[in-house]
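To start, the structure itself, in structure tokens.
All of the numbers you see were taken from the coordinates with simple rules; none came from a lab. Given the structure is predicted, the values throughout are model-derived calculations rather than measurements. Cβ placement follows ideal geometry from the backbone for every residue including glycine, while neighbour counts extend to all protein chains displayed.
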Amino acid sequence: MTVENKSKLKKITQILAEETGGKSYKAHKYSLDSDRSVLEYNETEDRTFVWKKRGETETFTDNRSLVELAKLLANRDEQVLTYFLDGSRRVYKVDDMAYNNVIYPIIAEQVGVGVCKRIDKRMSPDALTREIVVSLPVIADANGKGGFFESISQKLNGSAELSRIQQSGWKFATPLPYDVKHDDRKFEDRGTARIQELMIEREKEMVRRLVRKGQLNQDLLKW
């Protein structure tokens, strides 16, 4: 995230505070991909868990080289896969905001979903969507009325502060509310989970788009 984008997010949090009736503390912004807050947000301390099962079918005690397999696949003439889809996200805590005298984190995330295609062993971009989405505590909608977060999205996208971001191909998605019931989940993780769900849905939409265009079907050679 550039310095310019950070300054835009600062203004965006002011819009969010005005629209939701929250008190913005203009807190330190940091990446949730690498850092964690020192605030506990009144959350439960015990967050231990145990993996019940693993996805791997084989167990290795050291690294396994895939060089020879990669060379074998690269020398094959037939092309099995044509389209390659992937989604990515970067998560940030951009503010602390108080509702009913309780402080909650405001989570923002850059979400991108792209498709590349391979023709005659040459890769090229085929489609790309990019969004910025904010996750707020559900109590930011004090009245629980339908369309509340959609209206906030319209005001965010219509604000003058976002003109340069929009020109670069980004847009603001509808803010996603996260649950605030007290359990062993961190509020930051709840907001991140909501945005992760959005990214997965955008990946599904991209697949549906390819199907509608006739680029994907039951034939393995098309995927």
Check your understanding: List the trypsin sites (Lys or Arg not before Pro) in the stretch 78-145 that DSSP assigns to loop (not H, G, I, E or B) and whose Cβ has at most 15 other Cβ atoms within 10 Å. Which are they?
Key -> K121, K145
Review point. Going by a ≥ b ≥ c, the root eigenvalues of the Cα gyration tensor, does the stretch 70-169 fall in the rounded group (a/c under 1.5), the prolate group (a/b larger than b/c) or the oblate group?
Key: prolate
Review point. Around L85, what is the net charge, scoring Lys/Arg as +1 and Asp/Glu as -1 over all other residues with Cβ under 12 Å from its Cβ?
Key: +1
Review point. On full extension of the chain, what length is gained from R64 through Q79, given 0.36 nm per residue of separation minus the C-alpha to C-alpha distance?
Key: 2.9 nm
Review point. From the cross-link list K11/K171; K121/K213; K155/K186; K93/K181; K11/K93; K29/K155, which pairs have alpha carbons spaced over 18 Å apart?
Key: K121/K213; K155/K186; K93/K181; K29/K155
Check your understanding: Where Lys and Arg each count +1 and Asp and Glu each count -1, what net charge lies around E201 among other residues with Cβ under 12 Å from its Cβ?
Key -> 0
